[in-house]
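Following: one structure in structure tokens, then a few remarks.
Every read-out reported here was derived from the displayed coordinates using simple, explicitly stated rules and does not represent laboratory data. Bear in mind the structure is a predicted one, so any value in this text is a computation, not a measurement. Note: ideal-geometry Cβ built from the backbone for every residue, glycine included; neighbour counts use all protein chains shown.
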């Protein structure tokens, strides 16, 4: 049985690792993936060099942890909010709409995702599953799941980049989601019906104080 002191030590270690990882999100969002050095993360997290190396051996290892922490946490929140939706097309549309609205509300998280070359493992699994479910149900029409994945991810990332740098119409995020739906084979009328569905109540993690542009 783990004694109390061991449990406390493990908890503190986990908290410190999370502290460093969350701080890294802001560093990567501001400087990109290649510019930061270890000292940038140490300063942002407010930890000693030895503490940093107790948890991460390299910048790449920290990037991997930051990607998983942010993207998978957002995806888990979306999955919890959409678990009652049985229509795969509606679930897919709702997920895109919620993701883009989160991006608009959290410029630190948005900036990190835009600059990152990698997607969280849960994001990749769920996107693949949603596209397959929609295709199997006859809701989507596409010849290549890989192309459908790249179309969806590429469009979302470009939309997120625009949210970071430009003022956009209030309908912008839904317009992007509608276009992705049409890109995976949903007809315009059905896409409009899916976009008219109310979004479920959801609380998403916010990693920075910045508000998105209107």
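The figures follow:
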{"read-out": "Relative exposure of 170, 139, judged by other C-beta atoms within 10 Å (fewest first)", "value": "170, 139"}
{"read-out": "Rounded tilt (10° steps) of 121-136 against the dominant C-alpha axis of the chain", "value": "10 degrees"}
{"read-out": "Pair residue 132, residue 182: separation of 7 Å Cα→Cβ label points (nm)", "value": "2.9 nm"}
{"read-out": "Expected 222 nm ellipticity per residue - DSSP helices of 4 or more, -39500 (n - 2.57), all of the chain, to 500", "value": "-23500 deg cm²/dmol"}
{"read-out": "Prolate/oblate/rounded label for region 1-89 (Cα gyration tensor, a/c 1.5)", "value": "oblate"}
{"read-out": "Separation of the residue 170 and residue 141 label points, Cα + 7 Å toward Cβ, nm", "value": "3.4 nm"}
{"read-out": "Ranked 62, 79, criterion: other C-beta atoms within 10 Å, fewest first", "value": "79, 62"}
{"read-out": "Computed Kirkwood radius, in angstrom, where 1/r is averaged over Cα pairs of region 80-183", "value": "14.2 Å"}
{"read-out": "Per principal axis, descending, Cα span of region 33-130 in whole Å", "value": "50, 23, 20"}
{"read-out": "Rounded tilt (10° steps) of 59-82 against the dominant C-alpha axis of the chain", "value": "40 degrees"}
{"read-out": "Cα-projected label distance for residue 64 with residue 18, points at 7 Å along beta-carbon direction, nm", "value": "2.2 nm"}
{"read-out": "Sorted by Cβ neighbour density within 10 Å, fewest at the top, the residues 82, 173", "value": "82, 173"}
{"read-out": "Taking N as its residue count, the alpha carbon Rg of the chain over 2.2 N^0.38 Å", "value": "1.13"}
